[in-house]
Structure formats: structure tokens, C-alpha cells
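Reading through the C-alpha cells given below for one structure.
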Amino acid sequence: MSKIITLREAALLVRPGDILALGGMTLYRRPVAFVRELLRQRVGELTLLELTGGFESDLLVGAGLVRRVRTCYFGLETFGLAPMFTRLAGSGGLEVIEETEATIAFGLRATLAGVGFMPGQGLLGTDILAVRPDIELVTCPYTKRQLVAFPALRPDVAVVHCQIADRNGNARLLGNKAIDRDIALTANRMVLTAERIVDSPADLGGEIDLLGARVTAVVEAPGGAKPTSCFPLYPLGSLEILDYVLACQREDFAGYLERFLGSD
Amino acid sequence: MTADYTVSDLMASCIAHQVDDGDVVVQGIATPLVMAAYLLAKRTHARNIIFASAIGNAICSDWAPLSLSGIEDIWVGKALRQLTFPEIVCEYLPTLKPKEFLRPAQIDPFGNTNNVAIGDYHRPRLRLPGCGGIADVTTYYDELYFYVPRHGRATFVKRLDFKSGLGVSPGGPGAAAKGRYLVSDLGTFDFSGGRLRLVTCHPGVTPESIQAKTGFPLAIAPDLKETPAPTTEELRLLRQELDPLDIRSIECLSGPARWARLREIANLELSSGTSLRGGLKPWTWIIYRR
């Protein structure tokens, strides 16, 4: 069965108000082509769920399409702060649900296991618990030790960019694997964009990371992660990221966004 | 500092000396200085260390030179095994309790840290990127290591605006965490007696000038010494083999100087074609076959 559709059709799978999980991390293998289409269609009121937020996440935030973010790091690595996240989260224009690696990882694992929480270590003694009143503690019934009951986390829709996929959505991830397998398995709708689409799983050349059975739609998008990287096909576009930082520095986010939307 | 090495060379040397052979060391997000130091340890006294990297989500024993645009090469291209991030967070970190150098935006005398927000949490003067996994691992790591590339009163504070990392916290919940070591661009420190204590001053730096840039009274070791300079061999390795583009120094820069340096490095990598240093792996023909 072929699930191949266009980018424009795929963006319709995201509805206003959705919890949107983006694959990859920070500046690596991000679904940038898909986000460009979302920006064109102006799907808003989103909750952005990511391991780490980066370039395209900052564009969504700057364009006013994001109501809240759930991530444990939102920035541009060595290139510095993510300008629009920093500005809007600082001025109260963006709700931040303070996540850590564990709240995201255990939260997705709870959903994978079909339970409401997953116990684990972390957070105790920090101020994170004070700003996350939804997180409860539990006592281990065996050791009586106090643990964190990380609440289950489920995206409405997940979008992952991969190097190679078949027409049914079986896919290989050749770089950072991030939380992609976990958001792909837990999301109600799942969009895969791929550098290359092959006819059958036999043509994938190795073991898959993502299971086609959980994939709603597959879109061919060569170069679809640029200017973020897609290891080993293309490296991070450092100059492009720097251009973005400097555009925001001179208060030209709107101009940058217009140029970004005009490019493919 | 008059010697012919930079403060980032010195800090890389200091960090490398904290790495023991056989350690599992963690590479975080945006920490090229630490990466240079780990490579230096690997190429000198600690050949058997294993890297666990947030960038690349991988475990590696081999190494490659630092790169800005091709940063994944070293981690993904040379992975012993690639992991999913939940595998790292839920399984490997709690089990291995690796050695990791954390860079706090704020740190108090006890080694508690803040990487979330400066000022009031709900209306911050500066919203920071977030703490990553620091609020998790500091509750169960046995020892904590820190580095601060730009020592100042904004970083070394009496009281944190937000506690997103657990340092020495006597009697508190999850109190196993303990500060062990901190290196800044001015000196090195331990947490002897449970409080940050100056142990060595970098060459040309006085304890008075460090105190002036620290927002709380510093304890000072009775046998205060000068930080040993990097050796000729360490400098040769850093400059010629491990990090010839001097990416490690970016962390010591800010603002326009940092952007200019980033542009310079990115252009150098583009013109030399080294941004995908490892080249294409054998299996990539599958993707290019059309």
C-alpha cells in the first residue's frame, strides 16, 4: 500500500491546537521542509513537543503558531540562544512546560507501555517540581524509596524526516535517533518525510528504525532537513543558521521568514 | 596571560586531567571545549575512555577532529552503537553514571545550578534554553564536574534564581550528588568542606581578582597554587590534530566576536570540504542510487 502524498496534503494532517512532535534534535535531521509548509498554511495554537527545540521550532514560535512548548532545551547549540523562543518565553508570549530529558523519555515510555506514568529517578530537590504541579511522586512498593511518577506523554501528530523509507513508511534513521521511534509509535497521526523513497522494504538496505504500520503518510522531500543536517548526506548549514541569528539580532525576523517561505 | 596558549587551551588541559583512563565520559549539547578536552585525554593518558554523546546519541571509543558543521561525524560516524535518546536517559545514564562536565548559567557555593531562567521564573529577565537532563542526573550521579568559560558574578551567585541542578544538598532528598571539581577561565576549584573552594589560580590571575568576580565569599585552599600550563605536546595535539580550527575557543567568546568567529570557522570548513570529514559511508549508495 502506498502512503505517498504531497507536502501540502501532509500538512493538513496537523490541526490547530494539536500537540505536534518534531523528530530529530536541535540542528540535526529536523523536518524543516514540512515546517515550511506548516508556516505557509499557518496552522496555529500548537503545542510543540520535542526532545530539543532548534531552528525550525524557533521559526514556528516567531511566526506566532505555537501556544506552548514542551522541551528540555530550546536553543541553537554553539550558535547561541534561539532568538524568538528567548524573546517570547521571556515576555510571557509563550507558555513553557518545563521538561527534562527524563520527563520526556519516561513520559513517552509510559504511553508506549499503555500506563499513566513511569517511575524513575530525577527532579527531587530541584525547583522543576515546583513549576510542574502535574508531576506526582510515588513510593516504590518494594524498596519504599521515593520516585518520580513521570506522567504519560502522547503527541497528536508526529513528523520525522528520514534518509530512506519505503512506500509504506518503513524507515531507517541514519543519524541521531533522538525520540523519533517513540513519537512515531505513540502519535495518533504520523508523517514521514524522506530523502528517498524506495518501493519495498528489501530496498532499504538494512534494519528499520520506524515501523510503517504506525505511519499515516510518506512524503518525498530531498534536502528536506536543510539548513539542519541530514547525516551523512549533508552537514549542518552553519552559515545559514548564523544568518538567521543575525537577522533576528537586527530585528528582521519578519523579513527572514518571508525569504524562508519564498525558498524551497 | 602572556604565554603562547589561550585560556581555552588551558581549560581543555585542566578538564583532560580530570579524566581517568577507562572512564565513560558524556558530551553534552554545545560543549566543544569539553569535547576537545576529552579527545586530549584520549590521545594522552586515557586511551580507553568511552564517549557517550548527546549529539549523535551514540557510544564511541574512536575519535575524529572537532567540526562545527560536521559535528555528527565524530559521534554518529564512529559509533560503537547508536541509541535512542530514551535508551540513554532511562537505561544508560542511571546505570553507568558517567563523568560529565556541566556548564551552569548560575552556580551557588554548594554546586546547585540554574540553566532555566534568570530573574523570576514566570517573568524572567532572561529565559535560558533549559536544563536538558541536569535536573535528572544530578539527583543520582555520585560526583559532579563543572566548567565556566566566562567567570563572573552573573554566574557565581549566592542564591540561584531557579534550581535546575542539585549540588551538595545535605539532608535534602536525593542528596547523593556531590560537587567535585570546577574549572573556569580564571582558576580551578573543588568542593572541599561542601563549598566551592579555590585550589589553583591560572597564570597571571590573583585570588583577589577571582573573588571580585565571584558573587559570594570564596573559600581558598591553604596551599593555593598556580594552574600548570598545558604541555608542549598537549598544545601540539590540540592545534594540529584534535581541533585545528580552534572550535574549542568559541565558548569563551560572546556576542559579535562569537558570531564573527563562527562565520570564519564555517567558511574555513566549506572551503576545505571538511564539514563532512568522515566522507560517505559504504551504505549511502542506497540513498543516492537513482
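The values are calculated or read from the model by the stated rules, or taken from the named source; none is laboratory data. Note that the coordinates shown come from a computational prediction; the quantities given were computed from them, not determined experimentally. No Cβ is skipped: glycine too gets one built from the backbone with ideal geometry, and neighbour counts run over all protein chains shown. For accessibility, only protein heavy atoms count, side chains too; no ligands or nucleic acids. Shrake-Rupley method; radii C 1.70, N 1.55, O 1.52, S 1.80 Å.
Values computed for the structure shown
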{"read-out": "Odd one out for B:Arg159 among (1) closer than 28 Å to B:Pro124 by Cβ; (2) surrounded by 15 or more Cβ atoms within 10 Å (Cβ to Cβ); (3) more than 19 Å from the chain's Cα centre (by Cα)", "value": "(2)"}
{"read-out": "Test for A:Thr52: is it crowded, with 24+ Cβ neighbours inside 10 Å and of a type in the set (S, T, N, Q)", "value": "yes"}
{"read-out": "Test: residue in the stretch A:210-217 that is buried (at least 24 other Cβ atoms within 10 Å of the Cβ) and touching a residue at least 40 places away in the same chain (Cβ under 8 Å)", "value": "yes"}
{"read-out": "Strands (runs of 3 or more DSSP E) wholly inside the stretch B:9-114 that include at least 1 residues being open to solvent by less than 20 Å² (accessible area, probe 1.4 Å) and either small (Gly, Ala, Ser) or under 23 Å from A:Glu50 (Cα atoms) (or both)", "value": "B:24-27, B:50-53, B:58-60, B:99-102"}
{"read-out": "Residue within the stretch A:27-46 that is part of a strand (DSSP E or B), touching a residue at least 24 places away in the same chain (Cβ under 8 Å) and closer than 30 Å to B:Ala266 by Cα present", "value": "yes"}
{"read-out": "B:Arg248, sole failed condition from (1) within 14 Å of chain A (Cβ to nearest Cβ); (2) closer than 22 Å to B:Asp190 by Cβ", "value": "(2)"}
{"read-out": "Lone qualifier among A:Ala102, A:Ala130, A:Ala110 - being part of a helix (DSSP H, G or I), at the interface with chain B (Cβ under 9 Å from one of its Cβ atoms) and either under 16 Å from the mean Cα position of the chain (by Cα) or surrounded by 17 or more Cβ atoms within 10 Å (Cβ to Cβ) (or both)", "value": "A:Ala102"}
{"read-out": "Complete set of residues in the stretch A:215-235 that are modelled with pLDDT of 95 or more and assigned to a loop (DSSP other than H, G, I, E, B)", "value": "A:Val215, A:Thr216, A:Ala221, A:Pro222, A:Gly223, A:Gly224, A:Ala225, A:Lys226, A:Pro227, A:Thr228"}
{"read-out": "Residue in the stretch A:159-180 that is at positive phi, in contact (Cβ under 8 Å) with a residue 60 or more places away in the chain, within 14 Å of chain B (Cβ to nearest Cβ) and in a loop (DSSP other than H, G, I, E, B) present", "value": "yes"}
{"read-out": "The stretch A:1-26: number of residues that are at pLDDT 95 or above and in a loop (DSSP other than H, G, I, E, B)", "value": "13"}
{"read-out": "Residue satisfying all of: in the stretch A:28-80; under 11 Å from the mean Cα position of the chain (by Cα) and among the aliphatic types (A, V, I, L, M); farthest from the other protein chains (Cβ to nearest Cβ) among these", "value": "A:Val35"}
{"read-out": "Test set (1) in a loop (DSSP other than H, G, I, E, B); (2) modelled with pLDDT of 95 or more; (3) buried (at least 17 other Cβ atoms within 10 Å of the Cβ) - B:Thr274 fails condition number", "value": "(2)"}
{"read-out": "Every residue from the stretch A:156-203 that is of a type in the set (Ser, Thr, Tyr) and modelled with pLDDT of 95 or more", "value": "A:Thr186, A:Thr193"}
{"read-out": "Per-region count, the stretch A:81-99, residues within 9 Å of chain B (Cβ to nearest Cβ) and assigned to a strand (DSSP E or B)", "value": "3"}
{"read-out": "Any hit, the stretch B:208-220, residues being surrounded by 14 or more Cβ atoms within 10 Å (Cβ to Cβ), in a strand (DSSP E or B) and touching a strand residue (DSSP E or B) at 6+ places or on another chain (Cβ under 9 Å)", "value": "yes"}
{"read-out": "Among residues of the stretch B:221-251, those that are of a type in the set (D, E, K, R) and not in a helix (DSSP H, G or I), counted", "value": "5"}
